[in-house]
Amino acid sequence: MFTQLIDPLDNLTLTCLVALIPVVSLLVMLAVFRVPAWLATLLGSIITFALAAWVWKMPLDDGTHAYLYGAATGVWNVDWITLWGMVLFNTMSVSGLFENFRRWLIALGGMDVRVQTMLFAWAFGALLEGLVGFGYPWAVVAPILISLGISDLNAIRVAAIANNAPVSYGALGAPIIALAAVTGYPLLALSGSVGTVVAVLALAPPWVLLYLVSGKEGMKGGWPLAVVGSLGYIAGQYPVARYWGPYLPDVVGAIVCFAALLVLLKVWQPKTVLGYGGVPVDAAATRQTQSHGLKSGEVLQAWLPFVVLLVVVGLWTGPWWGDHSPTKISLFKAQAVGCSALASTCTAAKPSVTAVFNFTPLIAGTAILTTWIIVLVLLIAMGRLKGGHLGEVLRRSFHQMWGACLVGVFIFGLAYTFNYSGMAASLAKGFSSMGTAFIIVAPVLGFIGVALSGSNTSTNAMFGKFQALVGAQLGMPPLLLPTLNSVGAEIGKPIAPQTASVGVSTSKFVRKEGDVIRHNMGWTFILLAYLIIIAIGFYLARPAVMTAS
């Protein structure tokens, strides 16, 4: 049985530098040379496999199996969810339901830029992130904010900052699913630990958003919006993440946030209606009522896909199934095994390192497929979709997702090889010399990873196991560092070139992503500092919530 080498170059510093080559080369290809993500991850996985075999002496047969099991996990555990999430979103778009939903929200928001920002950038952005991700919340929300009088650059920044907290549960939980796949930690436990940190993090962005669109005075006059907006999202996100799983926290959080804000606006309104920059809107404009022009049935139809999604995925993945959950039914399981360089004991019966592909046909991605089929049948029955529309949905989804699906294949192959060969273990041994100060580095690594790769899912796949191994070496709560990796990645999203390229696609900053990234950078550093404070607080005061039990 293959046994990992902890220091194959007999110099731990040099070994760690060589182990960083795959990560650095991948990030340089993405951020410097702007190589397409699917090609960069393919080349990065080739580099990783070559170093694993040459330097770490990984057997070619076992290593090939590890790579293939990783690639298969990427396809089935991640691509299968994100693909059908995108198909569902495009079905809403092609049928006109999404446009009706948008019109309904604009009418409810009135003329005040602070109200519109909380409804669209914060709540609606979280809903889009939970369903689709991949920068689409920026692309959809920014034009709406621009139509309210916010300049293009500032509208994109508002959409990006609002997109911070929901990212770990984006695309129906893909980043957390990836983190569980590479670390081996229970999915529900990871979902809960990330949800706990996100709940604290989510207290801050609504205040930042109010300040960005209306200044200090606008923030003072609109503070109930920030309080209700943050607590409304948390009230939906936290219990779902902790007790249900990673699939629907954003969707439920957004819907609860919508409801809380609309209730607030029934009993409270800002004393002065403000436009962008905190400038009061004149009385004549304030009196103008904006009607969405939709019948009650059309509004209900616009909500229909979200209701079906909640019901189907909720029933499919709910905690009441226990050990008999459909998502745990396995048709077959394949694995490559070995002995970890960091383990004290290892036997053939109980190997200390495994690269596993577990084919469970009824995972959450199949629940999303079922949701789409039900929505499709309902929309056809209501006359909202015809045969030609279905072809448009599938063509659009393939065009948008083929590259992302290939990334899922190659980044998981890379990550499984990186972990199985012992490269992650070598890095963990080297970085553990930092001691508990590494708790500051953990979220920064996630921040850097997503800022350069553009994907929380990819960042968790690359760094998740490494973070877990460092935590084990330092005796930290097992879920703490992987959790900080994922939440740190959330905060780096506003300065990710890959995300920005999608986010600016509906603005005049197409191919000017650098201007957007520079404009977003200051607030991302402030929020990163806030996360580091949260991390230290959890480590010192609440370590029990970061255990895997």
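How large is the charge dipole for the chain, taken about the Cα centre, if only the Cβ atoms of Lys, Arg (+1) and Asp, Glu (-1) carry charge, to the nearest 20 debye? Write out the running numbers ahead of the final one.
On the way: 28 positive and 18 negative charges, 157 e Å.
Dipole about the Cα centre, nearest 20: 760 debye.
Taking 25 °C and 0.890 mPa s as conditions, segment 182-234 diffuses translationally at an estimated 196 µm²/s according to Stokes-Einstein applied to its Kirkwood radius (Cα pairs).
Considering only ALA139, LEU105, GLY63, and ranking their Cα positions along the charge dipole of segment 51-143 that arises from unit charges at the beta-carbon of Lys, Arg, Asp and Glu, the one farthest toward the positive end is LEU105. Determine which lysines satisfy two conditions relative to LYS57: a Cα distance under 21 Å, and not lying fewer than 8 residues away in the same chain. Filter leaves LYS429, LYS465. With respect to the chain, whose longest principal axis is taken over its alpha-carbon atoms, helix 438-453 is tilted by about 70°. For segment 99-194, the convex hull spanned by the alpha carbon atoms encloses 98 Å³ per residue. If you compute Kirkwood radius over Cα pairs in Å for the structure shown, which of [x] 24.6; [y] 22.9; [z] 23.7 do you land on? Given [x] 24.6; [y] 22.9; [z] 23.7, the calculated one carries the label [z]. In the chain, helical runs assigned H by DSSP with n ≥ 4 each contribute -39500 (n - 2.57); averaged across all residues and rounded to the nearest 500, the mean residue ellipticity at 222 nm is -22000 deg cm²/dmol.
Computed over segment 12-416, relative contact order equals 27 percent, with contacts defined as Cα pairs under 8 Å that lie 6+ residues apart. If the chain linking ALA529 and ASP323 were pulled fully straight, counting 0.36 nm for each residue of separation and taking away their Cα-Cα distance, it would gain 70.2 nm.
Think of it this way: in the chain, CYS16, CYS257, CYS405 stand alone, with no other Cys Cβ under 4.7 Å.
Dipole of the chain computed with +1 at Lys/Arg Cβ and -1 at Asp/Glu Cβ about the Cα centre; of ALA235, ALA40, THR3, farthest Cα towards the positive end is ALA235. Projecting the Cα positions of LEU51, PRO351, ILE534 onto the charge dipole of the chain (unit charges on Cβ atoms of Lys, Arg, Asp and Glu, taken about the Cα centre) puts ILE534 furthest along the positive direction.
Read-outs throughout are calculated quantities, based only on the coordinates presented, and are distinct from any laboratory measurement. Note that the structure is predicted; figures quoted are calculated from it, not measured. In this analysis, Cβ positions are derived from the backbone assuming ideal geometry, glycine residues included, and neighbour counts consider all displayed protein chains.
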